[in-house]
Amino acid sequence: MATSTLTAEALKRLGVDASSGALESRSPIDGALLGKVALTTPAEVGEAVGRAEVAFKAWRQVPAPRRGELVRLLGEELRAAKDDLALLVTLEAGKIRSEGLGEVQEMIDICDFAVGLSRQLYGLTLPSERPGHHMLERWQPLGPVGVISAFNFPVAVWSWNAALALVCGDPVIWKPSEKTPLTAVATQAIFERAAKRFGDAPANLSQVVIGLADVGEALVDDPRVPLISATGSTRMGRAVGPRVAARFGRSLLELGGNNAMIVAPSADLDMAVRAIAFSAVGTCGQRCTSLRRLIVHESLAEALVERLKRAYATLPIGDPLEADTLVGPLIDEGARDGFEAAIAKARAEGGEVVCGGERARDDLGGAYVTPAIVRMPTQSSVVAHETFAPILYVLTYREFDEALALQNGVPQGLSSCIFSTDLRETEAFLSAAGSDCGIANVNIGPSGAEIGGAFGGEKETGGGRESGSDAWKAYMRRQTQTVNWSRALPLAQGVKFDV
């Protein structure tokens with residue numbers, strides 16, 4: 001069935017009209033027009049922020065466990081809509097079906113996490129040096145949260161932010177990627193069904209603003225939005241971070257990743273090959289956690305590369321709607337141009353393309369490529385740059401310290417991993433002198449993080465944390481409170497000021 005027909009049917013079941021508007025959504029699968037949505041103007045962004053302010057004043061007074069009930073209902077609605085929303089993710093972002101379903105499952109999982117969190121927004125009780133006093137540390141709702149998301153996870157990133165923000169007492173204003181507007185509109189419709197079931201939720205707890213850079217800039221620059229959570233390229237983060245800081249706002253940045261795997265002499269190569277294939281090729285290399293650098297001990301390099309060549313040769317490339325497809329399209333022609341430019345630069349810097357690196361499936365109409373393995377003599381400039389495409393650069397090392405230096409020797413610091421059964425190596429990798437990334441894994445790949453842990457990275461990855469653990473604190477303000485229950489008024493530090 002044609003992608004446009006599948007999209008229309010899924011949107012109809014979700015109760016979404018995408019038949020008119022200035023922004024066209026086209027499928028990376030075959031270039032077909034999927035729908036049209038209205039663009040938001042910068043002035044309308046300001047109006048949305050004003051509505052969110054009104055919603056915040058009401059929502060912050062709702063008890064947190066009651067706020068969690070709304071998120072519980074959202075999880076229920078996502079379960080009911082899982083197949084259709086996952087289908088839209090495949091149609092609009094080009095992910096294979098299992099990855100589309102997995103992304104919506106991730107939304108459901110973070111809702112479940114946030115429901116429990118709504119009863120665990122813990123503060124502290126602190127001893128006071130003054131008699132008849134005690135101190136508290138409490139977390140209070142912050143205010144409207146702006147979420148700017150990227151095409152590669154068109155709905156999950158919103159849910160990471162929205163589920164936590166809502167239980168913390170904050171409304172959300174979402175600017176999705178202009179490449180994936182239909183998934184955002186559909187998600188908003190799902191949220192509105194949950195809000196209707198909830199019964200007394202303030203209007204405008206979740207809003208979607210759709211547009212290009214000017215819409216994002218209007219959201220970023222608005223002083224009424226205390227937190228901007230932005231996911232995208234390092235270039236985007238360099239624009240967003242200083243603008244938010246200039247108005248003393250907070251930014252939660254999830255930016256580029258240039259993730260490595262160290263394969264040590266003691267590694268289980270069967271496991272490593274499977275992990276490499278998924279991490280480097282899944283989502284056609286368009287995850288921020290995709291594996292891009294393979295740092296292999298020189299004694300294993302030849303054998304491992306040969307095994308990878310054989311594995312890559314079996315990867316079905318094509319329509320992600322087909323059940324056996326493992327490699328779908330790049331998001332657009334610009335991404336394929338970047339892929340080809342990186343391959344050419346790698347060759348110019350002394351690289352040997354072992355396999356892949358070519359255009360594929362021109363019969364389908366999308367930007368398909370064959371995933372590439374490139375052996376590099378050094379960690380040159382092309383290796384240190386994140387190309388959002390399925391290119392795996394292979395480097396070799398002799399001593400473990402050399403491998404760690406290569407792992408850490410790039411500007412990005414998101415995810416990392418080591419395959420080794422040597423306890424000393426794995427513990428060194430996880431130590432303070434080991435991986436400098438926000439995520440460090442042993443005997444699993446760098447991709448596929450669970451929602452229970454805080455997600456994010458260091459250096460040019462931005463430093464923000466989303467999803468699990470105590471990431472909720474980003475969506476709240478910390479307040480230290482002192483209570484005097486005595487009839488005296490002693491001052492701290494023994495200061496005397498009698499009047």
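All of the numbers you see were taken from the coordinates with simple rules; none came from a lab. This is a predicted model, so every value here is computed, not measured. Glycine also receives a Cβ, built like all others from the backbone with ideal geometry; neighbour counts cover every protein chain displayed.
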Inset, instruction - Can you pull the one-decimal nm distance between simple spin-label points at VAL273 and GLU129, each 7 Å off the Cα toward Cβ? - result: 6.6
Inset, instruction - Identify the trypsin sites (Lys or Arg not before Pro) of region 70-156 meeting these criteria: DSSP loop state and at most 11 other C-beta atoms within 10 Å of the C-beta. - result: none
Inset, instruction - Could you work out how far apart the two model spin labels at ASP401 and ASN484 are, taking each label as a point 7 Å from the Cα in the direction of the beta carbon, and quote it in nm? - result: 5.9
Legend entry - Distance (nanometres) between label positions extended 7 Å along Cα→Cβ at ARG347 and ALA203: 6.0
Inset, instruction - Would you kindly work out the equivalent ellipsoid of the chain from its C-alpha gyration tensor and give its semi-axes, the square roots of five times the eigenvalues, largest first in whole Å? - result: 40, 31, 19
Legend entry - Span per principal axis, largest first, for the Cα atoms of region 220-287 (Å): 53, 23, 17
Inset, instruction - Could you work out how far the C-alpha centroid of region 325-391 sits from that of region 145-196, in angstrom? - result: 31
Inset, instruction - Report the charge-dipole magnitude of region 259-442 in Debye, nearest 20, computed about the Cα centre from +1 at each Lys and Arg Cβ and -1 at each Asp and Glu Cβ. - result: 80
Inset, instruction - Determine, for VAL104, VAL157, the number of other Cβ atoms within 10 Å of each Cβ, and report the residues in order from fewest to most. - result: VAL104, VAL157
Inset, instruction - Mind listing the long-range amide H neighbours of HIS297? Cut-off is under 5 Å, sequence gap 5 or more, other chains count too, H placed in the peptide plane at 1.01 Å from N. - result: VAL263, TYR397
Inset, instruction - Go ahead and estimate [θ] at 222 nm for the chain from helices alone: -39,500 (n - 2.57) per DSSP H run with n ≥ 4, summed, over the residue count, rounded to 500. - result: -12500 deg cm²/dmol
Legend entry - Distance-filtered residues of region 19-52 - backbone nitrogen under 19 Å, label point 7 angstrom along THR325 Cα→Cβ: 25-35
Legend entry - Per-residue Cβ neighbour rank within 10 angstrom, fewest leading, ILE173, ILE110: ILE173, ILE110
Inset, instruction - Using +1 at the Cβ of each Lys and Arg and -1 at the Cβ of each Asp and Glu in the chain, identify which of SER420, ALA10, LEU227 lies farthest towards the dipole's positive end. - result: LEU227
Legend entry - Segment LYS473-SER98, length gained on full extension (0.36 nm per residue, minus Cα span): 131.8 nm
Legend entry - Computed Kirkwood radius, in angstrom, where 1/r is averaged over Cα pairs of region 307-393: 13.4
Legend entry - Charge sum, other residues only, whose C-beta stays under 14 Å from TYR312's C-beta, Lys/Arg counted +1 and Asp/Glu -1: +3
Legend entry - Paramagnetic reach from GLU137 in region 104-123 [backbone N under 12 Å; point 7 Å along Cα→Cβ]: 122-123
Legend entry - Ranked list, fewest to most other Cβ atoms within 10 Å of each Cβ, for TRP485, TRP139, TRP472: TRP485, TRP139, TRP472
Legend entry - Cα-based equivalent ellipsoid of region 259-442: semi-axis lengths in Å, sorted from largest, via gyration tensor: 27, 17, 15
Legend entry - Positive minus negative residues near GLY100 (Lys, Arg vs Asp, Glu; Cβ under 12 Å): -3
Legend entry - Dipole axis of region 232-379 (+1 Lys, Arg; -1 Asp, Glu on Cβ), positive-most option in LEU321, THR378, ALA344: THR378
Legend entry - Net charge dipole size for the chain [Lys, Arg +1 and Asp, Glu -1 on Cβ; Debye, nearest 20]: 1640
Legend entry - Whole-angstrom gap from region 6-51 to region 443-467, using each part's C-alpha centre: 30
